[in-house]
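The values are calculated or read from the model by the stated rules, or taken from the named source; none is laboratory data. It should be emphasised that the depicted structure is a prediction, and the values quoted were computed from it without experimental measurement. Cβ placement follows ideal geometry from the backbone for every residue including glycine, while neighbour counts extend to all protein chains displayed.
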């Protein structure tokens, strides 16, 4: 729930599921949501800090954000494929413009446009390759975490008894 902070009261079932997770690097804020049990919030007034100052600086906050992003999504790895496609498409369009200018319109294009187009295009191809490697790496990472496919809150047998 929004504004929940780090204080939680957890049911034994939730604790057992969280303890069964084999991950070593845990992003607990994400895991609480991932296990999928019902949640509710109880509003309370937060008392001011009694003593000392927080040691949670901007660098630790950044690390928390990166941990949250890398623990539950592989989108940053997939972005490189899209970036590569955009760069390669831009290079092809750029090359097409130079071909039109030179061959059809007869305008002399100064510099080394063919070299620039080739370098830009192959940079895009490299980014696409990096994205493909990232996709495989993301899948390996998901398998290594070994999270269960789903969490069963309650199982009811054929005789109607809850297990």
Collect the residues in segment 134-152 that are surrounded by 13 or more Cβ atoms within 10 Å (Cβ to Cβ) and without any contact (Cβ under 8 Å) to a residue 12 or more places away in the chain, keeping them in residue-number order.
none
Just give me the residues in segment 106-150 being within 19 Å of residue 73 (Cβ to Cβ) and either in contact with a strand residue (DSSP E or B) (Cβ under 6 Å, 6 or more places away or on another chain) or part of a loop (DSSP other than H, G, I, E, B) (or both), in sequence order.
146, 147, 148, 149, 150
In segment 101-108, is there at least one residue being outside the structural domain of residue 145 (by TED's automatic domain parsing), more than 26 Å from the chain's Cα centre (by Cα) and at negative phi?
no
Considering residues that are part of a loop (DSSP other than H, G, I, E, B), more than 26 Å from the chain's Cα centre (by Cα) and surrounded by 13 or more Cβ atoms within 10 Å (Cβ to Cβ), the number found within segment 1-46 is 1
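Taking the conditions exactly as written (under 30 Å from residue 140 (Cα atoms), in a helix (DSSP H, G or I) and assigned by TED's automatic domain parsing to the domain that holds residue 123), does residue 82 satisfy them or not? Outline the logic, then answer.
Working: under 30 Å from residue 140 (Cα atoms): yes; in a helix (DSSP H, G or I): yes; assigned by TED's automatic domain parsing to the domain that holds residue 123: yes.
Judged against the criteria, residue 82 is a match.
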